[in-house]
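One structure is given below, encoded as structure tokens.
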2 protein chains.
Amino acid sequence: MILSRTSQYAIQALIFIATRPPGEPVLNREIASYLNVPPAYLAKIMQSLCKGNLLYSYRGRLGGFCLREGASKTDLMQILLLTEGPSFTQECVLGLKVCSDATACPMHTKWVPIKKKVVALLNEQTLEKLARAVQTGKYRLSDLPTSLLAPMRRA
Amino acid sequence: MILSRTSQYAIQALIFIATRPPGEPVLNREIASYLNVPPAYLAKIMQSLCKGNLLYSYRGRLGGFCLREGASKTDLMQILLLTEGPSFTQECVLGLKVCSDATACPMHTKWVPIKKKVVALLNEQTLEKLARAVQTGKYRLSDLPTSLLAPMRRA
DNA sequence: CCTCATTCGGAGAATTTTATCCGAAATCCA
DNA sequence: TGGATTTCGGATAAAATTCTCCGAATGAGG
């Protein structure tokens, strides 16, 4: 409804790393298998998160990725800036190239307040917060095992 | 941020038709040129809106599209059901296959209220309403002419 | 030094979304 | 009836997104 797969993977991966002891590199392979996402694709995304200064990467044995100092304070909006681009929150709902208070599409005035709420939420959710929510066990980061999804009737 | 191009075109086209005298078929060509969208692509979308029972279509001379009876009461949610599919509002923000109150991603509880607001808005905005908003002249349906977009300095 | 494990970076394949093309069918009108 | 106009429907192309592959560079540890 809102985010590209790329953004979803990026957020999931970053939260996952944030749940791990800081400073200990996490393997791409491990993240991908935990989140159940394509490893090679995730690797690309990890690269871009490195370039976006959210992660450190280490090659070779004992390599992997870990959060940069202070990166656990990163909020979702900052991540989406990297994965969705800077115009993410600036686009018109109906797709008009220009849609501002001065010259707007017929949804504009109704949409702006909702957009503000979305942005506020994305701004307040940090990796730290989300990681803690996962650590409590109340929330999930990866899909349920298929066995739980569609319980099979005994043969 | 939310809607596919297809959905945006569909909504724009339907609002446009709703601003026209009911019962008088509007040409695909005319809609496309007014909205400045690719005519052949729009034609496909119009077809699917016919199949979705929002429009009548007439072939031949004096042909075109017009709203079905009562279709001006259609709200955006109904349109999006056609263009985005039924799972539009049911997807998890982080992309989990299953994310419900019982077993949720760490964004779930914060996201649900916002999603509700979005759905409520989409449910209350009808073609009628939106068309009227356009007819007042306060709101636009199509892009500004490029001359207004990027005023050129005299040579 | 060599080997192994990892990320890097570029190329490219697969899929989905967006867009185009064209012949056929329908409809109006002369 | 025939010509003009329009949508219909199927095939296909183009572009964007998602995903894969592989050789090269890097680093750890023997």
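How big is the charge dipole of the range B:5-139 about its Cα centre, in debye rounded to the nearest 20, if each Lys and Arg gets +1 on its Cβ and each Asp and Glu gets -1 on its Cβ?
Details: 17 positive and 9 negative charges, 36 e Å.
It works out to roughly 180 debye.
Using a cut-off of 32 Å between Cα atoms, the listed pairs B:Lys117/B:Lys138; A:Lys138/B:Lys51; B:Lys97/B:Lys129 include A:Lys138/B:Lys51; B:Lys97/B:Lys129 as exceeding that distance.
Helix B:108-124: angle to the longest alpha-carbon principal axis of chain B, degrees 0 to 90, nearest 10? So the helix axis and the longest Cα principal axis differ by about 30 degrees.
Mind checking the per residue accessible area of the range A:55-111 for me, 1.4 Å probe, whole number of Å²? Can you show the working numbers first?
Numbers: 3120 Å² over 57 residues.
Per-residue accessible area for the range A:55-111 comes out at 55 Å².
Against the main long axis of the alpha-carbon atoms of chain A, helix A:5-19 sits at an angle near 50°. To put it simply, the accessible area of the range B:4-120 at a 1.4 Å probe is 54 percent carbon and sulfur. List the pair-distance distribution P(r) of chain A, using every Cα-Cα distance, as the percent of pairs falling in each 10 Å bin from 0 up to the bin containing the longest distance, rounded to whole percents. Reading upward from the zero bin: 10, 34, 29, 18, 8, 1, 0.
Applying 1/(1 + (r/R0)^6) with r as the Cβ-Cβ distance of B:Lys51 and A:Asn123 and R0 = 30 angstrom yields a FRET efficiency of 0.15. By DSSP, the beta bridges lying fully in the protein assembly as shown are antiparallel in about 85 percent of cases. Rounded if a/c is under 1.5, else prolate if a/b is larger than b/c, else oblate: which is the protein assembly as shown, with a ≥ b ≥ c the root eigenvalues of its Cα gyration tensor? Taking the square roots of the gyration eigenvalues as a ≥ b ≥ c, the protein assembly as shown is prolate. Label point of B:Lys117 (7 Å along Cα→beta-carbon): distances to the other copies' equivalent points are 0.4 nm, sorted ascending. Copy B relates to copy A by a rotation, and the B residue whose beta-carbon is nearest that axis, with the distance in whole angstrom, is B:Ile2, 3. For B:Leu55, the residues whose amide H sits under 5 Å from its own are B:Cys50, B:Arg68, ignoring neighbours fewer than 5 places away on the same chain, with H placed 1.01 Å from N.
Distances between copies of B:Lys73, taken at a point 7 Å out from Cα along the Cα→Cβ vector and listed shortest first: 5.5 nm.
Taking beta carbons within 10 Å but only from partner chains, what does the mean come to for residues B:129-139? Don't jump to the answer; show the numbers that get you there.
Working: counts 2, 5, 1, 1, 7, 2, 1, 1, 0, 5, 9.
Averaged over the peptide's residues, the number is 3.
The values are calculated or read from the model by the stated rules, or taken from the named source; none is laboratory data. Please read these numbers as outputs of a predicted model, since none were measured by experiment. So basically every Cβ, Gly included, is an ideal-geometry build from the backbone, and we count neighbours across all protein chains shown. Calculation scope for accessible area: heavy atoms of the full protein, side chains included, ligands and nucleic acids excluded. Shrake-Rupley method; radii C 1.70, N 1.55, O 1.52, S 1.80 Å.
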